[in-house]
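First the structure, in the form of structure tokens, and then the observations on it.
Any read-out appearing in this document is the output of simple, stated calculations on the displayed coordinates, not a laboratory observation. Since the structure is predicted, the reported quantities are computational estimates derived from the model, not experimental observations. Quick reminder, even Gly has a Cβ in these numbers, built from the backbone with ideal geometry, and neighbours come from all protein chains shown.
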2 protein chains.
Amino acid sequence: MTMTGLDKWYGYIKSHDRAELWELLHPDAVFESPVVHTPQRGRDITFKYLVSALKVLNGDSFRYLGEWRSDDGAVLEFATEIDGITINGVDIITFDRDGRITHFKVMVRPLKAINLLHRLMGEQLAAAAG
Amino acid sequence: MTMTGLDKWYGYIKSHDRAELWELLHPDAVFESPVVHTPQRGRDITFKYLVSALKVLNGDSFRYLGEWRSDDGAVLEFATEIDGITINGVDIITFDRDGRITHFKVMVRPLKAINLLHRLMGEQLAAAAG
């Protein structure tokens, strides 16, 4: 089942089809950002963060570098370049038995990349809210 | 073989025996920090960073939260509290066929934790050099 959910995630990364993402998220999905400690709870806010993150990160240079698995999820390592700064990070994704995403956590390195991402995500979320 | 190396890593985390860590590192081991982009190359500097990181992070509240695997390595998620700040991170460890660590990358979240770690690692590395 993890496979199914993970395949759908990769599908979304290619298609950028928001309806696919929405279907993939569990109603009680939780998002944890690289910047802020407090988890963002619920499908609506998880969706909003993931859509904004894709807009910010998923340019031409975005690529997945590695994949590690557990019984109920996967860690995907990615890298991308923005404004000459390399952003290296991981998506830590947990799926339920039906392959829906219940938990999505992101970490990035180095410090310079987190500061850049902090600024760009703030701008993106503000634009989405406007 | 990954199992062997990973078991030895967990053993080191319990024992804090530096000789065990040294034996576990490949001569060409590379360390990548959460703070700095440039990889630290070689057994000596990788050893120094890992020893300092253990001193800084591995207090009473340190615990591993999750484990994901690939053919040649593992991602280990950890959490610890320092000065009232929760540090949540991953060790991304790659092993060679003999179970020695060839690559060790760390990412942490949130931003507050990276800034704290940046300061504490700087102090620890300076103390080790003194």
_Between 0 and 90°, nearest 10: helix B:2-15 axis offset from chain B longest Cα axis_ = 40
*What area, in nm² and to one decimal, does the C-alpha convex hull of segment B:2-129 cast on average over all directions?*
7.3
*asked:* Please give the charge dipole size of segment A:2-129, origin at the Cα centre, charges +1 on K and R Cβ atoms and -1 on D and E Cβ atoms. Round to the nearest 20 debye.
replied: 280
*How fast does segment A:4-65 diffuse by Stokes-Einstein, in µm²/s, taking the Kirkwood radius from C-alpha pairs at 37 °C and 0.692 mPa s?*
265
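Just to confirm a number: summing +1 for Lys and Arg and -1 for Asp and Glu over residues other than A:LEU117 whose beta-carbon lies under 13 angstrom from that of A:LEU117, what do you get? List each step's numbers first, then the result.
Details: positive: A:LYS55, A:ARG109, A:LYS112, A:ARG119, B:ARG109; negative: A:GLU81, A:ASP83, A:GLU123.
That sum, taken over residues with Cβ under 13 Å, equals +2.
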*Report the dimensions of the protein assembly as shown along its three principal axes from the alpha-carbon atoms, largest first, rounded to Å.*
53, 35, 35
*Residue separation times 0.36 nm, minus the C-alpha to C-alpha distance between B:GLU123 and B:ASP44: what's the value?*
26.6 nm
*Enter the angle in degrees (range 0 to 90, nearest 10) between the Cα long axis of helix A:43-57 and the first principal axis of the Cα atoms of chain A, meaning the one along which they spread out most.*
50
*Looking only at A:LEU117, A:LEU65, A:LEU25, which one moves most when chain A is put into a Gaussian network model with springs between Cα atoms under 10 Å?*
A:LEU65
_Inter-centroid distance (Cα atoms) of segment B:1-55 relative to segment A:105-119, Å_ = 24
*asked:* What does the structure give for B:84-91 when I average, per residue, the other chain Cβ atoms found within 10 Å of the residue Cβ?
replied: 2
*asked:* Test of understanding: in a Gaussian network model of chain B with alpha carbons linked when under 10 Å, which of B:ALA74, B:ALA19, B:ALA29 would top the mean-square fluctuation ranking?
replied: B:ALA19
*asked:* If I fit a long axis through the Cα atoms of helix A:111-129 and take the longest principal axis of the Cα atoms of chain A, what angle between them do I get, 0 to 90°, rounded to 10?
replied: 70
*If the cut-off is 21 Å between C-alpha atoms, which lysines fall inside it for B:LYS48, apart from same-chain ones fewer than 8 positions away?*
B:LYS8, B:LYS14, B:LYS105
*Counting other C-beta atoms within 10 Å, which of A:GLU32, B:GLU23, A:GLU20 has the fewest, and how do the rest follow?*
B:GLU23, A:GLU20, A:GLU32
